[in-house]
Amino acid sequence: MSFRTRFAPSPTGPLHLGHAYSALTAHDMARAAGGQFFLRLDDIDQSRARPEWARLIEDDLAWLGIGWDAPVHRQSEHLDRYRAALDRLAARGLTYPCSCTRRDIEAAASAPQEGVPLFGPDGRIYPGTCRGRKMSEARPSDAIRLDLTRCPEMALDFTETGPAHAGRHVVTRDGLLTHVGDPVLARPNMAASYHLSIVIDDADQRITHVIRGEDLFEATRLQRALQHLLDLPTPLYHHHALIRDAAGKRLAKRDDARAIARYRDEGATPQDIRAMIGLAPAA
């Protein structure tokens, strides 16, 4: 099997050391396997994505010694693919419109059941308030959710090679209902959610290995289910450890003090960045 992987940042801020670790890990694994590495920009949220951040991402990656094997894949240029997938799920009766705000969800979930988790990969687990609504009732201000109760029973697997979760994992419908809840597939200002767009993109780019941070491991279960519902292939997964600060907090885009561009401006070299994040020097 050929090795095809990708790095898919959102152009909503500067890349930091955590991004460098993820991008370099994926790039190094691809090159070591004689495979291909692709750059994808998760710019589907046009209210937050900025061209200047996209340019800086490309500049930072090139400075780190990372090259990609095709033109940059921009999600904003593939909205028709996401809409078509959403329409397929709707035609099977698997979606419904949702008007709930975050406050509504918090209020509905204020009396949790013992042993049932409160939060999943997308935050507070949705309690199904709008599940009885039909798509014909959808308003422009509604989000669109996947109705897991209408999905067929499933026992799906995916393979993880990362250090914390290595092995075969099984995804079931009941498990998703308990630990994820009905996920949002599209929002009023976005043609598709992260979960829907990423499985379409991975299939379109023929990605064989998804290499990303361990904070996204639980999201893999939902993405595996979407692959099944849309008849898409399933890659192998590798979730790596996160880069954290001295207090143990994982880095985020607001951590401008650790932005790659700042290190560049202060005279650091790509090998300095590799040393900071614990990666071996480039071959």
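The values are calculated or read from the model by the stated rules, or taken from the named source; none is laboratory data. Everything quoted here is computed from the prediction, not taken from an experiment. Cβ coordinates were reconstructed from backbone atoms using ideal geometry, including for glycine residues, and neighbour counts include every protein chain displayed. Remember, those area values only see protein heavy atoms, side chains included, never the ligands or the DNA or RNA. Shrake-Rupley method; radii C 1.70, N 1.55, O 1.52, S 1.80 Å.
Got a number for residues in the stretch 171-189 being within 14 Å of L222 (Cβ to Cβ) and either open to solvent by 10 Å² or more (accessible area, probe 1.4 Å) or assigned to a helix (DSSP H, G or I) (or both)?
Of the residues in the stretch 171-189, 10 are within 14 Å of L222 (Cβ to Cβ) and either open to solvent by 10 Å² or more (accessible area, probe 1.4 Å) or assigned to a helix (DSSP H, G or I) (or both).
Open to solvent by less than 10 Å² (accessible area, probe 1.4 Å) and small (G, A, S): which single residue out of A164, A192 fits that description?
Within the list A164, A192, the selection yields A192.
Scan the stretch 26-47 for residues that are surrounded by fewer than 19 Cβ atoms within 10 Å (Cβ to Cβ), closer than 15 Å to E77 by Cβ and over 14 Å from the mean Cα position of the chain (by Cα) and jot them down.
Q46
Can you name the residue in the stretch 116-158 that is surrounded by 14 or more Cβ atoms within 10 Å (Cβ to Cβ), β-branched (V, I, T) and touching a residue at least 40 places away in the same chain (Cβ under 8 Å) and is also nearest to R173 (Cα to Cα) among such residues?
I125
Looking at A8, A23, which one is within 22 Å of T220 (Cα to Cα) and open to solvent by less than 10 Å² (accessible area, probe 1.4 Å)?
One residue alone meets the criteria, A23.
Taking the conditions exactly as written (open to solvent by less than 20 Å² (accessible area, probe 1.4 Å), part of a helix (DSSP H, G or I) and either touching a residue at least 24 places away in the same chain (Cβ under 8 Å) or in contact with a Cys (Cβ under 8 Å, 6 or more places away or on another chain) (or both)), does D215 satisfy them or not?
no
In the stretch 11-29, which residues are of a type in the set (A, V, I, L, M, F, W, C) and without any contact (Cβ under 8 Å) to a residue 60 or more places away in the chain?
Passing the criteria: only A23.
Does L196 satisfy the criteria of being at pLDDT 95 or above, outside any strand (DSSP E or B) and out of contact with any Gly (no Cβ under 7 Å at 6 or more places or on another chain)?
In short, yes.
Within the stretch 219-252, track down each residue that is at pLDDT below 95 and surrounded by fewer than 17 Cβ atoms within 10 Å (Cβ to Cβ).
A241, L242, R244, D245, A246, A247, G248, K249, R250, A252
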